[in-house]
Amino acid sequence: MRTKVFNLFVFSFLFSTAFSQQNFTVSGDLKDSSNGETLIGATIRVLESKNSVTWSNQYGFYSLTLPIGEYTLMYSYTGFESKRVSINLTKNTLLNIQISPKIIFAKELTIKGEREDKNIRSTEMSRIEISSEKVKSLPVIFGEPDILKAITLLPGIKSGGEGSTGFYVRGGGPDQNLILMDEAVVYNPSHLFGFLSVFNTDAIKNVELIKGGMPANYGGRLSSILNVNMREGNNQKYQFNGGIGLIASRFTAEGPIKKNKSSFLLSGRRTYIDYLVKPFLPEQAKGSGYYFYDLNFKMNYILGQKDKLFVSGYFGRDIFNFSSPINKDVFFNFGWGNSSATIRWNHIFNSRLFSNTCVIYNDYNLFNDFTFGNSKFSVRSGLKDWNIKSDFSLNLNQKHRIMFGFNYTFHTFIPGVASGNAGTITINEELSKQYAHESAVYILDEWQINQRWSVNAGLRGVLFNRVGPYTLSQYDDNGQKTGVETKWESGESIALYPRLEPRLNLTYIINDQSSIKSSYTLTYQFLHLATTSGAQFPFDLWLPSSAKIRPQEAQQYAIGYFRNLDNNSYEGSVEAYYKPMLNQIEFKPFSRLFFNANLENEMVFGKGLSYGLEFLLRKKVGRFNGWIGYTWSKATRQFDELNNGQEYYYRYDRTHDISVVLSYKFNDKWSGNFVFVFGTGNATTLPVARYAYRIGFDQKENKPIFTFIDVYDKVNSFRLPDYHRADISATYISKKTQKWESSWNFSIYNVYNRANPYFIYFLPDIDKLEVKAYMVYLFPILPSVSWNFKF
Amino acid sequence: MIKKTTYLILTLITSTVILSCEKEIEISIPASQSQYVVEASINTRFPFLNYVFITNTVDYFKPDLSLNGVKNALVFITPGIIFGSDTIFNDTDRIQLIAIDTLAKLIPALDSLIGSFSGVYMNPILLQGKENTPYRLDITLMDGTKILGRTTIPKIVPIDSFSYRKEKVINRKEIQAFLTFWITDGPEKNNYRMAVRNYTDSILYGWGAADFYRTFDDELLNNGVRPFMFSNSWDEGDTVNIYFSQIGRKEFLFWQSFGQAANNGGPFATPGSVKSNITSHPSNSVIGSFTGYALDFKQIILK
């Protein structure tokens, strides 16, 4: 299979270069005229040739190679006036275009009513985009819009649970999603223990999720790519906007550094839960509190016609302090956060060759400081990356676009550093750091074979090299060090994994309104999240592959039928997927993840399987828009050491999953949204028996005392009750002038007050001789309001 | 005004989120296969804490919440001798443990325990644990099931000293006392289990009678004088009994997993099992532990 894909790729490359001499290329940037922001995924169509169409890339750049001649190009993007431009293509031409949002009256060659048909014609499948404006309009908890919660409303993507930002794509785990913010990996995307994500919607331009048919320029995770693009900042005028919610507020400043040349964006967000709660705390606990904050920063410079430079960064922290209200000697300080910095350079070598080069630094760390009287402890863990990558896009001719590039990351894993003192004992313990080089090269070809068939074939070669210095201690079966150690010198290879990842997407266009697409991907994952819970917590650790921890592996086969209706106003699709996975990781029950040098021996390794059918009907334009999604799926796991070796349902297996998102614009002031979700209850493991243990006789109360311990049987053999709820929201634009804009967002989460299960627990009542089951649910009907402004 | 609004918002949020977050549900759980459960302990100080309790697992919603003790078992504990890497148990040294119902006729102090503790076997007259000594547990049940356990009482690590300070704490009527004690942890690998009981009588009738427990090892804090500071407090005048033991590694793993199983609740509960250190024939029919405690004891009156 892999050889065939490679041969196909080489053939297509040679074929295309041989016939590319008579062509010229028109290329350039596509931007929003109101603020200079680049437009991602806009359609550029040649009206004289039905099949000549392309889309602006992640950086707003487009390139079309055509035979010499006169053409009319149509630029269109949802929510914007389309623009028609006539050109006489006799040489390679640079054509930067600006289009206007629909509320602004368009000039000259603008026409209305054109719709996009990217979903029909592109070779991509299983890819969904959602704008930050859409995210902001959806009903929310506590007035905080959230990108990660919004994407769980799309088919094939499941929420980690009530109020959770964790998401699961096509039966994969939460660590199998590659989350990128301006190309920097986000290792922990959550604040507030998973209730909110780190993404401040004011700083975000759009979000793209690839859940299947992953192109060769992406890798490193099995299940999905979540690409979050930050806004660049208004390069026309200074602008300020923000919002005040029930638990957090945010503020963004942006503007030109030099008009049309460079701009900046600075955005911040902070919660005030700590201030709200403080009046209710006893005097001695005033030092307790929780808050988080985010800072997003971006600057871009247009260095010339061919060069653009971007500098962006993110810094976020969650801080939790606890000061014992009883014992003043007990203090606890716990925090975690991501920081990243990206320097990105876009260069146009010529009208056919575009490049994007990035240098990225990334740091995720966690700290715990404990004070117990005179004893003090400090524990730190984390992960640091240095990453350099280059992506090239070469338009060979009308039919071929080649993309190639490399990606190199140096990972440093810090599993735990402890220091402090207790009595005469001084602690200065450091778990051996772990180092790894992860390198990848890729090449892919988008080839339009004829008017009906097109292919996107790619190959990604990856080399993962875990290197020293490292000291591995041997442990006995009882978890104690034997004293035997294996040492690796600096740079010495501990585990080397070369892997090839073929990717193939095929598209057959039936007619202007419908197409069939299929894809095959093979992906490997070398970084693994050590977690024992379903959600991603700050104290979860990322680990590299080793001699014992083999790379996770997934193959995905997908096929889909895509159909547009009513001049592309409606998009419909049905996709089927089948995804077997190898080397999946689970932890033995009661494993200790934190500061455990013996973590590898707490792991078990097994297989996973996921398959399903996804339906989506989406209306993208008009007063009334939204989507209805339905997924039927099954996800299982099999581990020799768990469930007596028998296959069991994955915790987030959800047979039926429905989401309905409807938006209606009543007039210029009022708009409304409705969301309904339904999901089969999560698979869960419940106790089947119990026993009394640790017995005693209470002389004070004159009665026996003991502790009940639960006995569990089959893994995930029970189902929690089905999850469903409806939310509504309304946005009222209270003022909108050239200088000042303000709006209110009113939300009601869970309008019919459905008690959705968060977890179940049992309570034995010894006096009444009965055991009762209780279900805990988090959010009843929950109204919220937020105020947003812009000036 | 702002403060009032803030209070109102906060009250609304907390009342809706907290007050309405739980309800009773009906759930159907199938019958399970019963297993024997054994809790066995031997220590160096208190004969009443040397006992074997045998019970069964019961179906989850079975209305019988009693201890469900197993009667008519033959229970023996045999001390052993270590010769180099070998451990020798001589059957002539074995001590039979007697059902508490029978024993109460000989020891009137146990009379109040009859009824509550059927399935408990002990021999406070003959059975006394010693430091650095291995012990074997043999149980034969009426249905022919044989249960075997082994433990070793390690060296006692004594409580070196203690101190406490007293202070007035908000919302507490009585003056509160905050207690710290110290031990000297040696260079070897040590595993500890501590039980603490606030009561004037120093005798603990069963390990379950303590107020709280800690199980820990010296992986991070090894070889030195080590303090234990209690984060909670006691009222001035309380009597605090500290039962501080060194235990073996397998016993540590059992009690560590027991602690996790006993506090295993909430949304991220792990469906795990305790790490038993006893076996049975037929196999897989028993859960539990045989633990040897090298026990030191301190009674502290917080005057």
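Bear in mind these aren't lab numbers, they're just calculated from the coordinates by the rules spelled out. In this text the structure is predicted, and so the values were computed from the model without any measurement. Cβ atoms come from the backbone with ideal geometry, glycine included; neighbour counts cover every protein chain shown.
Relative to the longest principal axis of chain B, what angle (0 to 90°, nearest 10) does the C-alpha long axis of helix B:2-19 take? On a 0 to 90 degree scale, this one is about 30. A:ILE516 sits among other residues whose Cβ lies under 13 Å from its own Cβ, and their net charge, with Lys and Arg +1 and Asp and Glu -1, is +3. Residues A:TYR578, A:TYR723, arranged from fewest to most other Cβ atoms within 10 angstrom of their Cβ, appear as A:TYR578, A:TYR723. Over chain B, with a Gaussian network built from C-alpha contacts below 10 Å, which listed residue (B:GLY144, B:GLY292, B:GLY80) shows the highest mean-square fluctuation? Maximum fluctuation in the GNM of chain B, among the listed residues, is at B:GLY144.
Take each residue of peptide B:21-33, count the partner chain Cβ atoms within 10 Å of its Cβ, and average: the result is 6. FRET efficiency for the A:LYS714 to B:MET142 pair, using the beta carbon distance and R₀ = 51 Å, is estimated at 0.95.
Applying the Karplus relation 6.51 cos²θ - 1.76 cosθ + 1.60 with θ = phi - 60° to the stretch B:157-165 yields 3J(HN,Hα) values of 10, x, 6, 6, 7, 8, 7, 8, 10 Hz, where x marks Gly and Pro. Based on Cα contacts under 8 Å between residues 6+ apart, chain A shows a relative contact order of 10 percent.
Cross-link partners for B:LYS155 among the aspartates and glutamates, with Cα-Cα distance under 17 Å and sequence neighbours closer than 8 places in the same chain left out: B:GLU131, B:ASP185, B:GLU188, B:ASP217, B:ASP218, B:GLU251, B:ASP296. Take each residue in B:198-209, count the other chain C-beta atoms within 10 Å of its C-beta, and the mean is 4.
Computed from Cα positions, the angle between helix A:2-18 and the longest principal axis of chain A comes to roughly 30 degrees.
Spin-label pair B:LYS303-B:ARG214: with each label point 7 Å from Cα along the Cα-Cβ axis, the two points sit 2.6 nm from one another.
Fully extended, how many nm does the chain gain between A:LYS91 and A:TYR732 (0.36 nm per residue separation, minus their Cα-Cα distance)? Working it through step by step, the gained length comes to 225.7 nm. When +1 charges are put on Lys and Arg Cβ atoms and -1 charges on Asp and Glu Cβ atoms, the dipole computed for the stretch A:299-358 relative to its Cα centre reaches about 320 debye.
Among rounded, prolate and oblate, which fits chain B when a ≥ b ≥ c are the square roots of the eigenvalues of its C-alpha gyration tensor, a/c under 1.5 means rounded, and a/b larger than b/c means prolate? Taking the square roots of the gyration eigenvalues as a ≥ b ≥ c, chain B is oblate. The ranking of A:HIS400, A:HIS347, B:HIS281 by Cβ neighbour count inside 10 Å, starting from the fewest, reads B:HIS281, A:HIS347, A:HIS400.
Here the extension length gained between A:GLN646 and A:TYR408 equals 81.8 nm, from 0.36 nm per residue of separation less the Cα-Cα distance. Among A:VAL198, A:VAL277, the ranking by other beta carbons within 10 Å of each residue's beta carbon, starting with the fewest, stands as A:VAL277, A:VAL198. Selection among A:GLN638, B:VAL274, B:LEU148 by position relative to the dipole of the protein assembly as shown gives A:GLN638 as farthest towards the positive end (Cβ unit charges, Cα centre). With bins 10 Å wide starting at 0, give me the P(r) of the stretch A:318-637 over every alpha carbon pair, in whole percents. Histogramming the stretch A:318-637 at 10 Å steps yields 5, 17, 25, 25, 16, 9, 4, 1 percent. When Lys and Arg each count +1 and Asp and Glu each count -1, what net charge do the other residues less than 9 Å away from A:LYS588, Cβ to Cβ, add up to? Local net charge: -3.
Across peptide B:223-234, the average count of Cβ atoms from other chains found within 10 Å of a residue's Cβ is 5. Residues whose amide H lies under 5 Å from that of B:LEU97, counting only those 5 or more places away or on a different chain, are B:VAL75, B:PHE76, B:ILE77; hydrogens are built 1.01 Å from N in the peptide plane. Annotation: amide H-H contacts under 5 Å for B:ILE25 (H modelled 1.01 Å from N, sequence separation of 5 or more, or interchain): A:ALA773, A:TYR774, A:MET775. Expressed as a whole percent, the proportion of Cα-Cα pairs in the protein assembly as shown lying more than 60 Å apart is 19%.
Taking every DSSP helix (H) stretch of at least 4 residues in the protein assembly as shown, weighting each as -39,500 (n - 2.57) and dividing the sum by the residue count yields a mean residue ellipticity at 222 nm of -2000 deg cm²/dmol.
Around the Cα centre of the protein assembly as shown, unit charges on the Cβ atoms of Lys, Arg, Asp and Glu (plus for the first two, minus for the last two) sum to a dipole of about 3480 debye. Using θ = phi - 60° in the Karplus curve 6.51 cos²θ - 1.76 cosθ + 1.60, the 3J(HN,Hα) couplings for the stretch A:724-731 round to 7, 6, 10, 10, 10, 8, 9, 10 Hz; x is entered for Gly and Pro. Each of A:TYR291, A:LEU353, A:TRP627 was placed along the dipole of the protein assembly as shown (beta-carbon charges, centred on the mean Cα), and the one lying farthest toward the positive end is A:LEU353. The alpha-carbon of A:LYS102 sits under 18 angstrom from the alpha-carbons of these aspartates and glutamates, leaving out residues fewer than 8 places away in its chain: A:ASP32, A:GLU37, A:GLU81, A:GLU114, A:GLU116, A:GLU133, A:ASP668, A:GLU741. What the phi angles of the stretch A:76-87 give under the Karplus curve with 6.51, -1.76 and 1.60, with θ = phi - 60°, is a coupling list of 9, 7, 4, x, 10, 5, 6, 9, 10, 10, 9, 9 Hz, glycine and proline written as x.
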